[in-house]
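J.: A single structure is presented below for examination.
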Amino acid sequence: MRITPELLTHLENLARIELSEAEREAMREDLEKILAYFEKLGELELEGLEELARPVETEAAMREDVPEPGLSQEEALQNAPEREDGYFKVPRMIEGE
């Protein structure tokens, strides 16, 4: 697929960027290479191949979700700059009352 100046201008508008002439030419070349690669991928014969969710089998890298006791109220408030009646005290953000 050929990247026309009109298409490149449209893409610039969508991305909300302005490119210099040198950048436009480099972008046009890069986009044409990318599209040529995808066209090449489209030529592959994939009939009879098993579909894979992942090309490489992996195991979950996450730990088990095991409930643990949380912080006590005192532990949670120990580094609070200000507290009042067992709660964090923060500056008023909404005017009124």
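J.: Which shape class, rounded, prolate or oblate, goes with the range 31-76 when its Cα gyration tensor gives a ≥ b ≥ c as root eigenvalues, a/c under 1.5 marks rounded, and past that a/b bigger than b/c marks prolate?
T.: Taking the square roots of the gyration eigenvalues as a ≥ b ≥ c, the range 31-76 is oblate.
J.: Compute the helix-to-body angle for 5-15: its Cα long axis versus the longest principal axis of the chain, expressed 0 to 90° and rounded to tens.
T.: Compared with the principal axis, the helix lies near 10 degrees.
J.: Further question on the same structure: Between Glu43 and Glu21, what is the label-point separation in nm under the 7 Å Cα-to-beta-carbon projection?
T.: So the two model labels end up 3.5 nm from each other.
J.: Could you work out [θ]222 nm for the chain from helices alone, using -39500 (n - 2.57) per DSSP H run of at least four and dividing by all its residues? Round to the nearest 500 deg cm²/dmol.
T.: Taking each H run of at least 4 residues, the total per residue is -12500 deg cm²/dmol.
J.: To the nearest Å, what is the center-to-center distance of the range 49-82 and the range 10-38, using C-alpha atoms only?
T.: Answer, in whole Å: 40.
J.: List the longest stretch of the chain that has no exposed loop site; here a site is one of the trypsin sites (Lys or Arg not before Pro) assigned by DSSP to anything other than H, G, I, E or B, with at most 15 other Cβ within 10 Å. Mind showing how you got there, number by number?
T.: On the way: sites that count: Arg2, Arg16, Arg63, Lys89, Arg92.
Result for the longest clean stretch: 17-62.
Computed from the coordinates by the stated procedures, all read-outs in this text should not be read as laboratory data. Being a predicted model, the structure only gives us computed values, none of them experimental. Reconstructed Cβ throughout: ideal geometry from the backbone, glycine too, with neighbour counts over all protein chains shown.
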